[in-house]
Amino acid sequence: MAKQFLLLNLIALSFSCVVLAFEPSPLQDFCVADPASPVKVNGLACKDPKSVTAEDFYFSGLHLAGNTSNTFGSKVTAVNVAQVPGLNTLGISLARVDYAPWGINPPHTHPRATEILTVLAGSLQVGFVTSNPENRLITKVLKKGEVFVFPIGLVHYQRNVGYGNAVAIAALSSQNPGVISIANAVFGSEPAIETDVLAKAFQVDESVASLIQSKF
């Protein structure tokens, strides 16, 4: 009986460690980030609470449309701990995403956050791909006021399927969710991944892999 009780405690402790491996609950009212601090922690060191002001919790600009005149026809305006120091340790951030007609937010992942996307204007095709070996695409077309969730770490994308501009707001479960753009990471890494590796992975000729790399 004692062994079973010990085992249950160990299992409970292991689950607690998994939860705390992400972003633990704050132990004080706030921990406003101090980017100038030389202290290295998992996150950012706190500034002196006496020097905290309302500006540490404030951001202005999400009412402004992003410039979508680029290759993808989209623009992400992030609001995370880099823009709002007061988000430090609070485990949340958001972003505005603007899309030109038929613009895309290309396939990417957030290694540290689940994302919930709300469409404010236009129509978006959204989707994510499940992990190996299934690699199933789960996709849906969203209209204004509709919401979709992208689970943490999974490759996902959005595409404007309307003839006008589209706008969405994304909320993320991390102060610093991170982003890995799949094409940039694979074909634009520094130093570059060898072309023979990419050719075998994508089952194409090395010249094709080299050509794609040249675009990044």
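Given the criteria of a type in the set (Gly, Ala, Ser) and open to solvent by 70 Å² or more (accessible area, probe 1.4 Å), does SER207 qualify?
Yes: the conditions hold for SER207.
Examine the stretch 162-181 for a residue that is open to solvent by 40 Å² or more (accessible area, probe 1.4 Å) and without any contact (Cβ under 8 Å) to a residue 60 or more places away in the chain, and state whether such a residue exists. No, every residue in the stretch 162-181 fails to be open to solvent by 40 Å² or more (accessible area, probe 1.4 Å) and without any contact (Cβ under 8 Å) to a residue 60 or more places away in the chain. Note on the stretch 92-145: residues that are surrounded by 20 or more Cβ atoms within 10 Å (Cβ to Cβ) and assigned to a loop (DSSP other than H, G, I, E, B) amount to 4.
Given the criterion at positive phi, of a type outside the set (Val, Ile, Thr) and touching a Ser or Thr at 6+ places or on another chain (Cβ under 8 Å), identify the matching residue among GLY122, GLY103, GLY145, GLY178. When all the criteria are applied, what remains is GLY145.
Residues of the stretch 52-90 that are at positive phi and open to solvent by less than 20 Å² (accessible area, probe 1.4 Å): GLY61, GLY73. Going through (1) assigned to a loop (DSSP other than H, G, I, E, B); (2) surrounded by 13 or more Cβ atoms within 10 Å (Cβ to Cβ); (3) at pLDDT 95 or above one by one, PHE148 falls short only on (1).
The values are calculated or read from the model by the stated rules, or taken from the named source; none is laboratory data. As the structure is a computational prediction, the values presented were derived from the model and not from experiment. So basically every Cβ, Gly included, is an ideal-geometry build from the backbone, and we count neighbours across all protein chains shown. Only protein heavy atoms, including side chains, enter the accessible area calculation; ligands, DNA and RNA are left aside. Shrake-Rupley method; radii C 1.70, N 1.55, O 1.52, S 1.80 Å.
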